[in-house]
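First the structure, in the form of structure tokens, and then the observations on it.
The values are calculated or read from the model by the stated rules, or taken from the named source; none is laboratory data. Every value quoted in this text rests on a predicted model; they were computed, and no experiment measured them. Because the Cβ atoms are built from the backbone with ideal geometry, glycine has one as well, and the counts that use them run over all protein chains shown.
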């Protein structure tokens, strides 16, 4: 257990930090990130150590969110050490002043990129199983299932980078399968329902790859 009681008068900060680290949702986040209970405990301890050393914690607007970001960073660093070239100096990054509860930009981008790679690998590993679970909604069910699976990686990336747009997704679906999403003889409401169902099918597929509490508890 890191020493969280240095003689600097920050007892309240350290007590809050310990409470956050003990929160079951935060610990579940660490387990989700590492998929290993022992490694998850190491991640929590490393995050505690690093956040406790921040020289000006009063600038952290949301300590819980920031701590979760650091947990994610440490999980990636320990889980895939060969891919953390942008994170080789995390203490230096964490020593920078946190703004609005966010991790520093370089660290944040690196964590997002590496977690996206982990999720994309899961998607590829389970592709056939996930495809089988997609409803065959069109007259050509195999084509519909293939489309949902094919579009999943780009949708996952856009979600990770907070660039997801229903309008863009609808455009991609239409371009790939106009016979279904703009079928002649079907009105606007009917086509809109098809877009809505396709978005729901894609969302259900991605939820099998990325659990809600794996993003942030």
Practice problem: Output the number of the condition that residue 163 fails; it satisfies all remaining conditions of (1) part of a helix (DSSP H, G or I); (2) at pLDDT below 95. | Solution: (1)
Quiz item: What helices (runs of 4 or more DSSP H), lying completely within segment 32-123, carry at least 2 residues that are at pLDDT 80 or above and touching a strand residue (DSSP E or B) at 6+ places or on another chain (Cβ under 9 Å)?
Solution: 63-79
Exercise. Could you list all residues from segment 143-158 that are buried (at least 16 other Cβ atoms within 10 Å of the Cβ) and at pLDDT below 90?
Key: 155, 156, 157
Practice problem: Kindly provide the set of residues from segment 125-148 that are assigned to a helix (DSSP H, G or I) and within 13 Å of residue 177 (Cβ to Cβ), ordered by number. | Solution: 141, 142, 143, 144, 145, 146, 147, 148
Quiz item: Here are 182, 200: which of them is modelled with pLDDT of 90 or more, closer than 20 Å to residue 130 by Cα, surrounded by fewer than 17 Cβ atoms within 10 Å (Cβ to Cβ) and not assigned by TED's automatic domain parsing to the domain that holds residue 23?
Solution: 200
